[in-house]
1. Among the residues of the stretch 1-27, what is the count of those that are open to solvent by less than 60 Å² (accessible area, probe 1.4 Å) and in contact with a Ser or Thr (Cβ under 7 Å, 6 or more places away or on another chain)?
2. On the basis of being exposed (fewer than 15 other Cβ atoms within 10 Å of the Cβ), polar (S, T, N, Q) and touching a residue at least 24 places away in the same chain (Cβ under 8 Å), does Asn83 make the cut?
3. Does Arg38 fit the bill of being over 21 Å from Tyr111 (Cα atoms), touching an Asp or Glu at 6+ places or on another chain (Cβ under 9 Å) and basic (Lys, Arg)?
4. Return only the number of the condition from (1) more than 10 Å from the chain's Cα centre (by Cα); (2) more than 16 Å from Val4 (Cβ to Cβ); (3) modelled with pLDDT of 95 or more that Tyr68 does not satisfy.
5. Is it the case that Val97 is buried (at least 18 other Cβ atoms within 10 Å of the Cβ) and at pLDDT 95 or above?
6. Among the numbered criteria (1) at pLDDT below 95; (2) open to solvent by less than 50 Å² (accessible area, probe 1.4 Å); (3) among the aliphatic types (A, V, I, L, M); (4) in contact with a helix residue (DSSP H, G or I) (Cβ under 9 Å, 6 or more places away or on another chain), which single criterion is violated by Val63?
7. Kindly indicate which of Gly98, Gly113 is in contact with a Cys (Cβ under 6 Å, 6 or more places away or on another chain) and touching a residue at least 60 places away in the same chain (Cβ under 8 Å).
8. Considering Arg77, Arg71, which residue is within 11 Å of Leu20 (Cα to Cα) and out of contact with any Lys or Arg (no Cβ under 6 Å at 6 or more places or on another chain)?
Amino acid sequence: QVQVVESGGGLVQAGGSLRLSCTASGTTFTPNAIGWYRQAPGKQRELVADITINHKTNYADSVKGRFYISRDNAKNRAYLQMNSLKPEDTAVYYCNVGGFYSDSYYHGGDYWGQGTQVTVSS
């Protein structure tokens, strides 16, 4: 059973930065792809960024130029650096492990973390 744990969330002023981390344990092999999602109150969960085993990245238009996803394959760890945060970035952020690509889009895998709360005040 794969376990996924996120950390790094918190309360930050608009314009500030946070760095989220995600660690997967119980894996036999390095995940082919990892995605970061977020879910704001009353909204659907949305894909924010994803990264392949070869460090190719994709971003939602709403975070391009502000958020950066990275990974450390040796540690089964992924990161989401969030800069120039806006109140609309407020959400619970989830790490998803083991996704795949179809029609050039990331499709979430079976393993999710518990989420970490990011709150951006104006």
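1. 9
2. Working: exposed (fewer than 15 other Cβ atoms within 10 Å of the Cβ): yes; polar (S, T, N, Q): yes; touching a residue at least 24 places away in the same chain (Cβ under 8 Å): yes.
Judged against the criteria, Asn83 is a match.
3. Here the answer is no, as Arg38 does not meet what is asked.
4. If we test Tyr68 against (1) more than 10 Å from the chain's Cα centre (by Cα); (2) more than 16 Å from Val4 (Cβ to Cβ); (3) modelled with pLDDT of 95 or more, just (1) comes out false.
5. Working: buried (at least 18 other Cβ atoms within 10 Å of the Cβ): yes; at pLDDT 95 or above: no.
When the stated conditions are applied, Val97 does not pass them.
6. (1)
7. Gly113
8. Arg77
The values are calculated or read from the model by the stated rules, or taken from the named source; none is laboratory data. Being a predicted model, the structure only gives us computed values, none of them experimental. Cβ sites come from the backbone with ideal geometry, for glycine too, and all protein chains shown count toward neighbours. The area values use the complete protein model at the heavy-atom level, side chains included, leaving out ligands, DNA and RNA. Shrake-Rupley method; radii C 1.70, N 1.55, O 1.52, S 1.80 Å.
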